[in-house]
1. With the requirement that a residue be touching a Phe, Trp or Tyr at 6+ places or on another chain (Cβ under 7 Å) and surrounded by fewer than 21 Cβ atoms within 10 Å (Cβ to Cβ), what does region 17-51 give you?
2. Those residues that are of a type in the set (Asp, Glu) and in contact with a Pro (Cβ under 8 Å, 6 or more places away or on another chain), I need them from region 94-142; list them, please.
3. Among the residues in region 182-192, are any of a type in the set (A, V, I, L, M, F, W, C), within 16 Å of the ligand (Cβ to nearest atom) and buried (at least 19 other Cβ atoms within 10 Å of the Cβ)?
4. Where the second residue is within 9 Å of the ligand (Cβ to nearest atom) and at pLDDT 95 or above and the first is within 19 Å of LEU3 (Cβ to Cβ) and of a type in the set (Gly, Ala, Ser) and lies in region 51-66, which pairs have Cβ atoms under 6 Å and are six or more apart or on separate chains?
5. If you check VAL192, VAL131, VAL176, VAL146, which single one turns out to be touching a Gly at 6+ places or on another chain (Cβ under 9 Å) and β-branched (Val, Ile, Thr)?
6. If a residue must be away from the ligand (no atom under 16 Å from the Cβ), within 18 Å of the chain's Cα centre (by Cα) and surrounded by fewer than 21 Cβ atoms within 10 Å (Cβ to Cβ), how many such residues does region 143-162 contain?
7. From the list GLU135, GLU119, which residue is surrounded by fewer than 16 Cβ atoms within 10 Å (Cβ to Cβ), more than 24 Å from PRO19 (Cα to Cα), away from the ligand (no atom under 16 Å from the Cβ) and acidic (Asp, Glu)?
8. Name the one entry in PHE70, PHE85, PHE65 that is within 11 Å of the ligand (Cβ to nearest atom) and surrounded by 15 or more Cβ atoms within 10 Å (Cβ to Cβ).
Amino acid sequence: MNLSFTHRFVPATAPSRPPLLLLHGTGGDETDLLPLGQMIAPGAALLSPRGKVIENGMPRFFRRFAEGVFDEEDVRLRATELADFIAEARQAYGLAAPVAVGFSNGANIAAAVLMLRPEALAGAALLRAMVPLSEPPTADLAGKRVLVLSGAMDPIIPAENAGRLAAMLKGAGAEVEHQVLPLGHQLSQMDVTLTQRWVTDAG
Ligand code: MLT
């Protein structure tokens, strides 16, 4: 279907599971995280958009001035645009509010959507995320589950920054589980296992 983001949609075969919104990292696309989605929530509907910002030919979900230095005006604009796409896709495909599963840049935009448009998401698994907005509005995240998985040896995301993000989300009322894994920036089987368990625990 032609919606406001280029995307892939995989319908549910287990409709009782919440749909997943899959958000790729820098240089990825809408096909990247489909296998991950299938592993962590078999049978769930999968909605996977491609980021609209192009940096040296690589798709992303918002602009940055340098690695880890974000164009926050663009973060706000793009998070709003993505929340609008979620609403559009929910209507088009008849979906409940999705749980975001984002990696790196995709996790950062998911965190921004939680802060700016909390109604768009049922919860989020943020894999290698950092604080996307230095002065976010006060969001009410009561009832939302958030999993933050960071890497102790991540060269891109300082541990302190991921901890600050988890604290911000908790402060806004979300039920946050933050784990620091003995890993770098890349995902591993440990991320898959923990995210699968977290998604399943939601019932
Ligand atoms: C970002 O730009 O969102 C972060 O630096 C992570 C990434 O490299 O994409």
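The values are calculated or read from the model by the stated rules, or taken from the named source; none is laboratory data. Every value quoted in this text rests on a predicted model; they were computed, and no experiment measured them. Glycine also receives a Cβ, built like all others from the backbone with ideal geometry; neighbour counts cover every protein chain displayed.
1. ARG50
2. Correct list: ASP140 only.
3. Kept after step one, since they are of a type in the set (A, V, I, L, M, F, W, C), are these residues of region 182-192: 183, 187, 190, 192.
Imposing the further condition that a residue be within 16 Å of the ligand (Cβ to nearest atom) reduces the set to 183, 187.
Filter once more, keeping what is buried (at least 19 other Cβ atoms within 10 Å of the Cβ): 187.
Yes; the residues of region 182-192 include at least one that is of a type in the set (A, V, I, L, M, F, W, C), within 16 Å of the ligand (Cβ to nearest atom) and buried (at least 19 other Cβ atoms within 10 Å of the Cβ).
4. Cβ pairs passing all conditions: GLY51/ARG60; GLY51/PHE61.
5. Values: VAL192 fails: touching a Gly at 6+ places or on another chain (Cβ under 9 Å); VAL131 fails: touching a Gly at 6+ places or on another chain (Cβ under 9 Å); VAL176 fails: touching a Gly at 6+ places or on another chain (Cβ under 9 Å).
Just a single option satisfies the conditions, and that option is VAL146.
6. Going residue by residue through region 143-162, those that are away from the ligand (no atom under 16 Å from the Cβ) are 143-147, 152.
Still in the list and also within 18 Å of the chain's Cα centre (by Cα): 143-147.
Narrowing further to those that are surrounded by fewer than 21 Cβ atoms within 10 Å (Cβ to Cβ): 143, 145.
Number of matching residues: 2.
7. Details: GLU119 fails: more than 24 Å from PRO19 (Cα to Cα).
The match here is GLU135.
8. Among PHE70, PHE85, PHE65, only PHE70 is within 11 Å of the ligand (Cβ to nearest atom) and surrounded by 15 or more Cβ atoms within 10 Å (Cβ to Cβ).
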